[in-house]
Every structure is written in C-alpha cells, then in structure tokens.
Amino acid sequence: MNRTDRLYALVEELRACAPRRRSARELASLYEVSARTIERDIGALQEAGVPIYADAGRAGGYTLDKSLTLPPLNFSPAEAVALAVALRQASVGPFQGAARSAVQKIVAAMPERDVIAARDLAGRVRLLEPVAAPPTVPVPSVIEQAVVARRVLWICYLDRDENLTERDVEPVVFMAGPSGWYLVGWCRARDAARCFRVDRIQHAEVTCVTAPPRAFEEIAPCIPDLVARTPVL
C-alpha cells in the first residue's frame, strides 16, 4: 500500500471505530508499517485539517471526530479537474488559500489511479492569459478573517482623491467589480454604508469588537450600477 492509499485508509479506519481509540501500534500492525510511520501519517493528516485527536497513556490512542468529517466522496478525474479549473480562474480574491487547500484535500482522498488520471487530464487543459496581464492584488487574509468572524475591521484607506483616512468598518460582503475586489460594509466614521477597493486598503487589523448583522439590501444603495450575485454552493 502506498502512502496516499494508507492516509485515506487511516481516516476511514478511525472513522469506523470512533469514538473508540486506536493506538499507533495497532494501526502499524494493521498496515504493516512502523509506529513511527503511523505517527508521521497522523501528523500529516492533522496538518491538512483532518480532525484527529490523540490521547497519551496506556488507554490512549487516536480518534476522529465524526461530526466534523464527511463520508467518502468519490470524485471522478473529470470532476476534480473541473473544480481545479474553476478555482484557477478565480485564483485572486478572497479565500484563495482555502480554495487551494480544498483541491489538495480532494486529491488526497482520491484513489491513486484516479489521481494519475486527473493529472493526465489536467495536462490536456490550458487556460490562456494575456501576455501583458493587468496587475492583480490578492485580498489580505486579515480582511478574510474579519468577514468570517464578523468582527469590526480597522483600516487605513487611500481614497480616489489620495486622502488617507482611518476607519472602523463593519464588513458585510466581498464583491468583485470592474476594478478588482471590494469590501462592502458599514463605515462607523461616516455612519453609512461604503464600498472600499481592496487595493486601496493600506493597512488593516481585526478588532475584538463583534459587528452587528446587516442585510446586504441595507447597504446595496451604496453600490452603483453593479449587479451582485451570490456564488452557488
């Protein structure tokens, strides 16, 4: 059994026996490898975000939180490539790191033969880009954190008139517009909805203040001549 298959099998074994624990020695005997190899494999899975927990001691071992996992998802090579293509076309913007991580997790869960087929298929796909591509500005992770956690964001913002201001903003939505990505939210300095271009945010910090919930319709009037669509999940 190669390492990819063993990682997949380890997750399924821990899922099947949860909430009971399996020791590294038991797993090593099951997959005919050393306990040290199992420990390295478990460490790799934990770094990838798999909710595996370890308890020390004679009755200790590894267990997996079933409530935080999905049953096996059988992606075909074409489906995996389709997701990679879609994410590559939206490679700059909020949650791009999470998108890369999602693809890696999908590939890690696929049987090796399907991974080989998917990589072969991906080699027959090309995404054309202009020779002189316009500069793209990634969305800082601190802004992503504020949106996810619904926290007030302190920003230092350079407006279109080159004025530098400091503001506390209640983030509401990310929005893609003709000039890149925008953060739409409620500006506490102006006591009104405002649209901030991400590439003009000079600095940002997440505060410990929770932002009150606001409906998109409440701030929509500050977005002129744009049609905002929610991504389909």
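The trypsin sites (Lys or Arg not before Pro) found in segment 135-176 that occupy coil by DSSP, while having at most 10 further C-beta atoms within 10 Å, are ARG160. Of the accessible area of segment 1-66, computed with a 1.4 Å probe over protein heavy atoms only, carbon and sulfur atoms account for 48 percent. Taking a Cβ cut-off of under 12 Å around ALA146, the surrounding Lys, Arg, Asp and Glu residues balance to a net charge of -2, with basic ones at +1 and acidic ones at -1.
At 0.890 mPa s and 25 °C, plugging the Kirkwood radius over alpha-carbon pairs of segment 147-190 into Stokes-Einstein gives what diffusion coefficient in µm²/s? Reported coefficient: 217 µm²/s. When each of the peptides 203-210, 182-189, 27-34 is scored by the mean number of other C-beta atoms lying within 10 Å of its residues, the order from highest to lowest reads 182-189, 27-34, 203-210.
The values are calculated or read from the model by the stated rules, or taken from the named source; none is laboratory data. These numbers were taken from a predicted model, which means no experiment stands behind them. Note: ideal-geometry Cβ built from the backbone for every residue, glycine included; neighbour counts use all protein chains shown. Accessible surface areas use protein heavy atoms only, side chains included; no ligands, DNA or RNA. Shrake-Rupley method; radii C 1.70, N 1.55, O 1.52, S 1.80 Å.
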